[in-house]
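Encoded as structure tokens, the structure appears first; notes follow it.
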Amino acid sequence: TLNVQDSVTITGYLDETSYRAEIAKTDLAIQLRKVTRGETSAAIFDCLVAGVPTIVNQVGAFRELPTDVVKHIPHPPDKTMIAKSLEELWSDVVGRKKLGASAAIYAARSHSPDLVAEQVFSAVEELYSRHGNFAAQCLPAAAKRFSHQLNSDLDLLSRLADAAWKNADCVSRHKSIFLDVSGLVNAERITGIER
């Protein structure tokens, strides 16, 4: 009824190469969500990384994106608002290019894989430093979870022991005294000490 069949292509699912090729030739993107479960959109970040100017509605994680990185429209948007936003951004070539450039810079600075990995690493290390017995709690849980395998898989047992050794400094921040009782266990002196 809209007579746009000659200018609209519905691609359906695309493999990774074709998907990246489509994004590379995109002049303007729009991503609208009706509801959210707290997730973010990989498609939006693919557009930001590629420097594609993008319109989003104000729902969920989209609200967190800076206004100089994406064009925000209210939620829920109506068709008039969507059309107006598309027309405004399309007709403003300079503004559109500036938005795309800001998007690429933002993605590189705030969402690069190296930065995210560093933030995850820091969070884990901070957790260990605040909770010295965290590893001590997790190691027995891991041993219990894999107990059916540990008896028959000496390699798994060896790897678990190796992990415990490497993380030994995280097991406890409290002073401890360790006693070697192997001599008592192996000897039968019948003194009650063994018990």
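The values are calculated or read from the model by the stated rules, or taken from the named source; none is laboratory data. Since we're looking at a predicted model, the values are computed, not measured. Counting neighbours? That spans all protein chains shown, and the Cβs are built from the backbone with ideal geometry, glycine included. To get the accessible areas, we keep the full protein, side chains included, count just its heavy atoms, and leave off ligands, DNA and RNA. Shrake-Rupley method; radii C 1.70, N 1.55, O 1.52, S 1.80 Å.
Taking the range 7-16 as the range and being among the β-branched types (Val, Ile, Thr) and either surrounded by 12 or more Cβ atoms within 10 Å (Cβ to Cβ) or more than 16 Å from Ala43 (Cβ to Cβ) (or both) as the test, the residues that pass are Val8, Thr9. A residue that is at pLDDT 90 or above, surrounded by 14 or more Cβ atoms within 10 Å (Cβ to Cβ), closer than 23 Å to Tyr106 by Cβ and in contact with a Lys or Arg (Cβ under 9 Å, 6 or more places away or on another chain) occurs somewhere in the range 41-49.
Out of the residues in the range 53-87 that are acidic (Asp, Glu) and open to solvent by 80 Å² or more (accessible area, probe 1.4 Å), which is farthest from Leu28 (Cα to Cα)? That would be Glu64.
A quick yes/no check of all residues on (1) on the phi > 0 side of the Ramachandran plot; (2) part of a loop (DSSP other than H, G, I, E, B); (3) without any contact (Cβ under 8 Å) to a residue 40 or more places away in the chain:
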site: Thr11; (1), (2), (3): no, yes, yes
site: Thr17; (1), (2), (3): no, no, yes
site: Arg37; (1), (2), (3): no, yes, yes
site: Thr40; (1), (2), (3): no, yes, yes
site: Ile44; (1), (2), (3): no, no, yes
site: Ala61; (1), (2), (3): no, no, yes
site: Pro77; (1), (2), (3): no, yes, no
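Evaluate the following for Val94: is it among the hydrophobic types (A, V, I, L, M, F, W, C) and in a loop (DSSP other than H, G, I, E, B)? So Val94 fails the test.
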